[in-house]
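The values are calculated or read from the model by the stated rules, or taken from the named source; none is laboratory data. Computed from a predicted model, the values in this text were never measured in an experiment. Methodologically, a virtual Cβ is constructed for each residue, glycine included, from the backbone with ideal geometry; neighbour enumeration extends over all protein chains shown. Side chains are part of the model used for accessible areas, which takes the heavy atoms of the whole protein and leaves out ligands, DNA and RNA. Shrake-Rupley method; radii C 1.70, N 1.55, O 1.52, S 1.80 Å.
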Amino acid sequence: KFFDVAKKEIIKKLKTFTSQSISNTLWVYATVEHASLELFDFAEKEIIKKLITFKAQEISDTLWAYATMRHASTKLFNFSAEEIIKKLKTFNSQDISNTMWALVVIDYNENMALSVLKHIVKRYHEVDKELFNDNALGQIY
């Protein structure tokens, strides 16, 4: 009941939320497995408007929340994939593994998911071989 009441207030004020507040809110709903199609549908519009302001962890956590709730949003994932590629240098191994997990779970567009993965592998080989420990590589696999 708490989450249903909170959802109504969140939707009223979501336009004023920062990217971190949006991400954290969706993460909480997903973590407690409280399905709220209305909240996730409404949040999608705000996320797309503000996606440029989202940091790596916020993108990762947001996509994780959508995937955890099995709430497919092709439009959100398309915009996010482009933003991930732009900001990839700011993603740590946890952000990357959560993001790739979300893309796979949501059965996201295979070509776009492979494009994101290609950029990740390129970063690993060319820039930061210390980025992935064995655990992070295992999560991505």
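Laid out as a table, the results:
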item	result
Test for residue 33: is it modelled with pLDDT under 95, surrounded by fewer than 22 Cβ atoms within 10 Å (Cβ to Cβ) and under 26 Å from residue 1 (Cβ atoms)	yes
Filter result (open to solvent by 30 Å² or more (accessible area, probe 1.4 Å) and under 17 Å from residue 122 (Cβ atoms)) within region 81-104	82, 85, 86, 87, 89, 90, 92
Matching residues in region 33-72 - criterion: being of a type in the set (Ser, Thr, Tyr) and more than 16 Å from residue 116 (Cβ to Cβ)	36, 53, 68
Scan of region 1-60 for residues that are outside any helix (DSSP H, G or I) and either among the charged types (D, E, K, R) or under 19 Å from residue 98 (Cβ atoms) (or both), ordered by number	1, 32, 33, 54, 55
Residue tally, condition at pLDDT 70 or above and either in a loop (DSSP other than H, G, I, E, B) or closer than 16 Å to residue 78 by Cα (or both), over region 119-141	1
All positions within region 1-41 that are more than 21 Å from residue 51 (Cα to Cα) and of a type in the set (A, V, I, L, M)	5, 6, 32, 35
Within region 27-51, considering residues that are among the aliphatic types (A, V, I, L, M) and within 14 Å of the chain's Cα centre (by Cα), the one nearest to residue 13 (Cα to Cα)	43
